[in-house]
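Colleague: Below: one structure in structure tokens.
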Amino acid sequence: MSAVQSVSGKSPSATPETYDVVVVGAGLAGMYMLHRLRGLKMTARVFEQGDGVGGTWYWNRYPGARCDVESMQYSYSFSDELQQEWDWSERYAPQAEILKYANHVADRFDLRPDIQFNTRVDRCVFDEDTNRWSVTTSDGATVVAAFVVLATGCLSNARMPDIEGISGFKGKVYHTGNWPHEPVDFTGLRVGMIGTGSSAIQSVPVIAEQAKHLTVFQRTANFSIPARNAPLTAEEREIFRKNYPEVRRFAREEARNGIYTELPDRGALDDGDNDRRAKYEARWRHGGLTFMSVYNNLALDKTANDTAADFVREKIAEIVRDPETARLLQPNNHPIGTKRICIDTDYFATFNRPNVMLVDIKSNPFEEILPNAVRTGGKDYEIDALVLATGFDAMTGSVAKIDIRGRNGQTLNQKWAEGPKTYLGLMSAGFPNLFIITGPGSPSVLSNMIVSIEQHVDWISDCIAFMRDRGLDTMEAKKDAEDNWVAHVNEVAHTTLYPQANSWYMGANIPGKPQIFMPYIGGVGPYRQICNDVAAKGYEGFAMTGAERPRKMAAS
Ligand code: NA7
């Protein structure tokens with residue numbers, strides 16, 4: 001097989017259907033991947049489990065769901081017309097608006113004809129004789145492709161907690177990560193919420209307004225910063241639009257997290273108490289994720305980190321009237337920022353409402369769930385509906401659900417049994433022509449996801465074009481390059497405070513999952529440079545097979 005031979009399109013008589021590329025998932029990554037492949041005149045089939053595009057924004061429809069990166073930045077940059085024309089309504093767009101945007105992109109770039117909805121990819125098997133992947137889907141069909149791109153998302157495998165009695169609960173049970181499409185009405189109901197991560201922190205204030213009573217069961221208190229969400233004015237949008245070339249360049253090349261923001265030039269202990277407090281106060285008033293960018297050592301130095309953590313703990317104590325509730329809401333078992341920092345609208349103040357109660361399940365773990373109540377600490381908390389905001393099997397969960405078999409029949413799950421192993425987060429040795437978008441070992445979830453998605457899609461597209469132009473058949477990570485990268489990712493993580501938290505970055509939220517810091521914390525700018533250098537050196541660290549053939553003219 002040669003990628004050169006396959007680019008002419010589907011063979012009309014071929015059985016099964018043959019494509020240059022199969023893309024798994026039609027979220028923001030899969031959609032842009034398809035767009036780039038179209039530009040390369042490659043045949044592609046996207047399989048999507050849901051009945052619509054949007055990925056995360058398709059599934060996470062819980063009340064209060066919105067992005068925690070500002071919308072003028074959490075948006076595609078690949079089309080200037082798109083970024084100039086789309087009007088975001090608020091500083092942080094709500095889920096429905098981001099989903100509308102995803103649908104707009106799908107229509108605008110006519111993506112739907114190549115996306116097969118309501119179809120899960122169950123199995124991908126690499127054939128070493130033909131150098132092709134056989135991809136089997138939930139409808140029983142098998143297609144063949146030279147390349148497979150996993151655009152399966154990092155937070156897309158909702159995790160059901162294993163709590164005794166949950167299946168016998170007689171009310172409705174919802175998971176924030178798999179919310180119904182029809183409206184859910186909690187009016188008059190006593191609702192129980194399990195979890196206090198980002199999804200709970202966004203939904204608690206909204207559910208509290210509607211429900212008769214809300215009981216929040218908290219295992220770990222989380223740091224949260226006010227979002228200060230507000231409608232975007234035409235002037236605010238215009239400032240971004242005029243400056244997009246610089247905003248996007250900075251986000252890609254200079255920012256550590258893919259967000260256009262001021263870069264700190266000093267550490268927290270370089271300022272005296274008053275100056276430091278004034279700076280934290282200013283960021284708290286400004287709102288949003290950039291709270292953690294006040295100083296350059298908050299993720300590195302525990303004493304510095306404590307100053308920011310103490311500031312937020314004091315704020316919680318100021319907001320929450322009941323001292324015992326305030327104490328429970330103050331995080332104290334991890335440095336601030338080492339679990340994904342949350343941003344909220346009135347989360348802490350919601351606990352001042354008479355119809356909201358916080359229950360500590362750290363000191364009194366769940367005993368069981370009864371048909372009409374949650375039993376913990378010897379007490380029954382009666383509820384009519386249960387909301388699980390219990391998170392995801394992050395970064396590897398969606399990939400692990402697919403039976404992926406590479407060289408010698410090895411499965412990816414076998415290979416990753418002790419933790420994900422990739423080179424640059426893009427490929428895994430022994431699995432030729434299989435790319436992962438924002439996979440473990442890349443900045444992904446530590447960054448503005450769209451910046452990282454676009455970088456990976458562009459890199460993968462250039463790589464596939466490189467192979468096509470040279471008539472190469474396969475490309476795969478070399479084992480030593482992969483080992484070095486895994487060691488590097490781990491080494492960089494351990495220069496920071498991040499591994500001190502039991503976070504989903506570490507796989508710590510899934511019983512039995514290997515505890516390895518999965519994303520690359522070296523920053524999106526340096527990471528991009530590494531990927532570009534690797535490509536410039538003829539894809540150093542990757543092995544390629546297939547005779548170099550004379551370069552073909554690009555298809556017209
Ligand atoms: P998270 O951040 O993983 O939060 C899940 C929450 O659920 C967290 O508070 C967990 O407590 C709690 N949890 C999970 N399992 C249980 C059980 N069995 N019992 C009690 N409590 C439990 O998921 P989110 O959906 O909120 O956010 C995910 C990301 O989406 C977020 O970081 C943003 O990037 C967007 P724990 O902390 O494990 O003690």
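The values are calculated or read from the model by the stated rules, or taken from the named source; none is laboratory data. Bear in mind that the values here come from a model prediction, so they are computed numbers and not experimental data. Here Cβ is always computed from backbone atoms with ideal geometry, including for glycine, and neighbour counts include all displayed protein chains. Each accessible area value is taken on the protein alone, full model and side chains, heavy atoms only, with ligands, DNA and RNA left out. Shrake-Rupley method; radii C 1.70, N 1.55, O 1.52, S 1.80 Å.
Colleague: State which residue pairs qualify: first residue at positive phi and inside the stretch 176-191, second residue more than 15 Å from the ligand (Cβ to nearest atom) and in a loop (DSSP other than H, G, I, E, B) in any location, beta carbons under 6 Å apart, and separation of 6 or more residues or different chains.
Modeller: Once the first residue is at positive phi and sits in the stretch 176-191, its partners that are more than 15 Å from the ligand (Cβ to nearest atom) and in a loop (DSSP other than H, G, I, E, B) give G188/K212.
Results for (1) out of contact with any helix residue (DSSP H, G or I) (no Cβ under 9 Å at 6 or more places or on another chain); (2) in contact (Cβ under 8 Å) with a residue 40 or more places away in the chain, shown as yes or no for each residue.
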residue: K362; (1), (2): no, yes
residue: L386; (1), (2): no, yes
residue: A394; (1), (2): no, yes
residue: S398; (1), (2): yes, yes
residue: D403; (1), (2): no, yes
residue: Q410; (1), (2): yes, no
residue: L434; (1), (2): no, yes
residue: I437; (1), (2): no, yes
residue: P440; (1), (2): no, yes
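Colleague: Name every residue in the stretch 382-414 that is farther than 19 Å from P511 by Cα and either open to solvent by less than 30 Å² (accessible area, probe 1.4 Å) or among the polar types (S, T, N, Q) (or both), in order of residue number.
Modeller: Hits for the stretch 382-414 are I383, A385, L386, V387, I402, I404, G406, N408, Q410, T411, L412.
Colleague: Condition (residue is of a type in the set (D, E, K, R), within 16 Å of the ligand (Cβ to nearest atom), in contact with a strand residue (DSSP E or B) (Cβ under 8 Å, 6 or more places away or on another chain) and more than 20 Å from M357 (Cα to Cα)) applied to the stretch 132-146: is it met by at least one residue?
Modeller: no
Conditions (1) under 20 Å from A493 (Cα atoms); (2) touching a residue at least 24 places away in the same chain (Cβ under 8 Å); (3) surrounded by 15 or more Cβ atoms within 10 Å (Cβ to Cβ), marked per residue:
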site: P231; (1), (2), (3): no, yes, no
site: A234; (1), (2), (3): no, no, no
site: Y244; (1), (2), (3): no, yes, yes
site: R249; (1), (2), (3): no, no, no
site: Y260; (1), (2), (3): no, yes, yes
site: D275; (1), (2), (3): no, no, no
site: K279; (1), (2), (3): no, no, yes
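Colleague: I'd like to know if the stretch 344-363 contains one or more residues that are among the polar types (S, T, N, Q), within 12 Å of the ligand (Cβ to nearest atom) and modelled with pLDDT under 95. Full working, then the answer.
Modeller: Filtering the stretch 344-363 down to residues among the polar types (S, T, N, Q) leaves 345, 350, 352, 355, 363.
Adding the requirement that they be within 12 Å of the ligand (Cβ to nearest atom) leaves none.
No: the stretch 344-363 contains no residue that is among the polar types (S, T, N, Q), within 12 Å of the ligand (Cβ to nearest atom) and modelled with pLDDT under 95.
Colleague: Out of D185, D162, which single residue is of a type in the set (D, E, K, R) and more than 26 Å from A227 (Cα to Cα)?
Modeller: After ruling out the rest, the residue left standing is D162.
Colleague: Out of the residues in the stretch 468-505 that are open to solvent by 60 Å² or more (accessible area, probe 1.4 Å) and not in a helix (DSSP H, G or I), which is modelled with the lowest pLDDT?
Modeller: Of everything passing the filter in the stretch 468-505, N502 is modelled with the lowest pLDDT.
Colleague: Let me ask something else. Report yes if N305 is under 18 Å from A282 (Cα atoms) and polar (S, T, N, Q), otherwise no.
Modeller: Against the criterion (under 18 Å from A282 (Cα atoms) and polar (S, T, N, Q)), N305 qualifies.
Colleague: Looking only at the stretch 283-297, decide whether some residue is at pLDDT 95 or above, aliphatic (A, V, I, L, M) and within 30 Å of V356 (Cβ to Cβ).
Modeller: no
Colleague: Just for the stretch 109-141: of the residues that are of a type in the set (A, V, I, L, M) and under 24 Å from the mean Cα position of the chain (by Cα), which one is surrounded by the most Cβ atoms within 10 Å (Cβ to Cβ)?
Modeller: Ranking the qualifying residues of the stretch 109-141, first place goes to V121.
Colleague: Name the residues in the stretch 180-227 that are away from the ligand (no atom under 16 Å from the Cβ), part of a strand (DSSP E or B) and not β-branched (V, I, T), would you?
Modeller: Correct list: R190, A211, H213, P226.
Colleague: Which is under 26 Å from D127 (Cβ atoms), surrounded by fewer than 23 Cβ atoms within 10 Å (Cβ to Cβ) and touching a helix residue (DSSP H, G or I) at 6+ places or on another chain (Cβ under 8 Å), of D458, D462?
Modeller: It is D462.
Colleague: Would you mention how many residues in the stretch 257-297 are under 23 Å from the mean Cα position of the chain (by Cα) and more than 20 Å from R228 (Cβ to Cβ)?
Modeller: Qualifying residue count for the region: 1.
Colleague: Which one is farthest from the ligand (Cβ to nearest atom), of the residues in the stretch 318-342 that are open to solvent by 10 Å² or more (accessible area, probe 1.4 Å) and either in contact with a strand residue (DSSP E or B) (Cβ under 8 Å, 6 or more places away or on another chain) or of a type in the set (F, W, Y) (or both)?
Modeller: It comes out as T325.
Colleague: Hey, can you tell me all the residues within the stretch 251-288 that are out of contact with any helix residue (DSSP H, G or I) (no Cβ under 9 Å at 6 or more places or on another chain) and over 19 Å from A304 (Cα atoms)?
Modeller: R285, H286, G287, G288
Colleague: Oh, and also: Can you tell me how many residues within the stretch 384-442 are among the small types (G, A, S), over 19 Å from V121 (Cα atoms) and within 16 Å of the ligand (Cβ to nearest atom)?
Modeller: Qualifying residue count, the stretch 384-442: 3.
Colleague: Okay, next question. Identify, please: which residue in the stretch 238-275 is among the β-branched types (V, I, T) and part of a helix (DSSP H, G or I) and is, among those, farthest from Y520 (Cα to Cα)? Before you say what the answer is, go through the steps one by one.
Modeller: As a first pass, look at the stretch 238-275 and keep what is among the β-branched types (V, I, T): 239, 247, 259, 261.
So of that shortlist, the ones also part of a helix (DSSP H, G or I) come out as 239, 247.
Working: I239: 32, V247: 23 Å.
Here the answer is I239.
For (1) at pLDDT 95 or above; (2) open to solvent by 20 Å² or more (accessible area, probe 1.4 Å); (3) closer than 20 Å to G27 by Cβ; (4) of a type in the set (A, V, I, L, M), each residue gets a yes or a no:
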position: V144; (1), (2), (3), (4): yes, yes, no, yes
position: L150; (1), (2), (3), (4): yes, no, yes, yes
position: S156; (1), (2), (3), (4): no, yes, yes, no
position: R159; (1), (2), (3), (4): no, yes, yes, no
position: F169; (1), (2), (3), (4): yes, no, no, no
position: Y174; (1), (2), (3), (4): yes, yes, no, no
position: P183; (1), (2), (3), (4): no, yes, no, no
position: F186; (1), (2), (3), (4): yes, no, no, no
position: L189; (1), (2), (3), (4): yes, yes, no, yes
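Colleague: Ok, one more. Taking the stretch 341-368 as the search range and keeping residues that are under 27 Å from Y92 (Cα atoms) and among the charged types (D, E, K, R), which one is farthest from the chain's Cα centre (by Cα)?
Modeller: Within the stretch 341-368, the match that is farthest from the chain's Cα centre (by Cα) is R353.
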